[in-house]
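See below for the structure under consideration.
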Amino acid sequence: MPLFNQKVSPGLSIADDTDILHFLNPDNSDKYVDARTALKNSDIYSIVFQLSADLANGKLEADAPRAQGILNNPTQTSNAHAFWQSMFAQLLLGGECFAYRWRNQNGTDMTWEYLRPSQVTPFLLENGSGLIYNINFDEPEVGVMEAVPQSDLIHIRLLSQNGGKTGISPLSALANELQIKDKSNKLTLSALGRSIIAPGILSIKHGGLLSDEDKASRSRKFMKQTSKSENGPIVIDDLEEYTPLEVKSNVAQLLNQVSWTGAQIAKVYGVSDSIINGQGDQQSSIQMMGNAYVKSLARYAKAVTGELNNKLNANINLDLRSAIDPLGDSYATTISNLRKNGTIAANQAAWLLKENNYFPEEMPEASTPPVPISTSKDDKSTEGGDNDDKD
């Protein structure tokens with residue numbers, strides 16, 4: 001007799017080495033860094049904002065019209081830039097980000113819904129053929145969806161320890177640095193609150209042992225005398241002596257002793273510390289720092305396009321040119337150099353610049369072919385006159 005309504009297995013939980021370590025040491029809760037707490041750190045906020053914004057400023061290009069349509073308009077609750085920046089920010093904070101694909105009966109994507117990591121629980125199928133997810137939606141009408149196949153979910157990961165099933169948060173490498181900086185901030189605030197700021201010391205000679213009330217009373221009278229003098233000289237008798245106080249405080253050193261944490265945070269995210277403090281290596285040129293930053297963005301871009309290519313069955317590329325060169329001046333310089341070297345013709349260079357919106361489409365054609373300005377030393381027309389006089 002055939003069996004109907006067979007119970008679907010909920011799947012196997014996905015674990016890694018960190019779960020075992022936390023099980024053996026449950027009190028080691030300081031190794032977890034909450035994303036909301038991390039964003040209160042100015043260095044982390046600066047890096048996450050800049051990287052996510054630059055990735056969102058890039059253009060996702062697909063060779064399939066349907067894939068390009070959902071990439072351009074992924075959600076109905078916000079604009080495309082806000083959606084992708086939120087996805088990339090969560091990817092940088094948590095090491096992975098999620099979006100549910102609402103599709104029609106034909107399997108065409110209608111809209112995507114951003115999901116927080118706390119809403120998604122991944123499981124591994126018992127036969128190891130794939131992943132399934134339990135999703136807790138915020139909408140009461142939807143509620144909880146169990147055993148959602150991985151084809152219905154956009155799941156972008158960074159570094160992984162379990163074969164790419166889940167991602168590792170970069171914040172896990174900053175647990176000690178953030179704790180040191182937090183304790184240093186508390187120490188600095190405590191030192192500033194307990195510091196003594198006095199304009200000088202008023203000594204009373206041959207006055208014997210004065211009580212605390214007499215000393216406080218004389219201090220108030222001296223301050224009153226100082227205020228009434230209107231920045232004039234202070235007159236005291238022979239029984240008193242006033243010495244201006246020069247305090248060499250070390251509180252400022254407390255403010256600078258953990259400046260290395262910014263460099264540590266930048267190192268974890270694979271960017272130069274100039275992204276945070278605007279200094280970095282003073283000997284590096286702007287072009288060198290720009291090339292290093294482009295390489296950093298490319299690392300994250302590959303993680304994004306790898307997931308999108310798999311789920312949308314299309315060839316998708318993230319063009320970062322608009323993010324790293326918003327005005328297009330660097331691109332125009334490259335095209336100009338190719339034209340000067342004879343690699344491309346003048347009409348090809350003009351066409352490339354128009355295609356990238358550097359030149360307007362309504363730009364009229366040149367009446368006469370443009371003549372390049374010669375920079376050769378043999379061109380005597382650009383040089384000054386020779387001195388033919390002889391001594």
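Full extension of the chain segment joining residue 214 with residue 76 gains 42.3 nm, where the gain is 0.36 nm per residue of separation less the Cα-Cα distance.
Put 242, 331 in order of accessible area, highest first, and with a 1.4 Å probe you get 242, 331. The distance separating the Cα centre of the stretch 63-125 from that of the stretch 301-351 comes to 25 Å.
Ranking 159, 209 from most to least accessible surface, computed with a 1.4 Å probe over the protein chains only, gives 209, 159.
Sort 87, 145, 363, 110 by heavy-atom solvent-accessible area, probe 1.4 angstrom, most to least.
Numbers: 87 0, 145 50, 363 75, 110 115 Å².
The residues order as 110, 363, 145, 87, largest area first.
Taking the 1.4 Å solvent-accessible surface of the stretch 139-193 as the whole, the part contributed by carbon and sulfur is 57%.
The values are calculated or read from the model by the stated rules, or taken from the named source; none is laboratory data. All values reported here derive from a predicted model rather than from experimental measurement. Quick note on the areas: whole protein, heavy atoms, side chains included, nothing else; ligands and nucleic acids left out. Shrake-Rupley method; radii C 1.70, N 1.55, O 1.52, S 1.80 Å.
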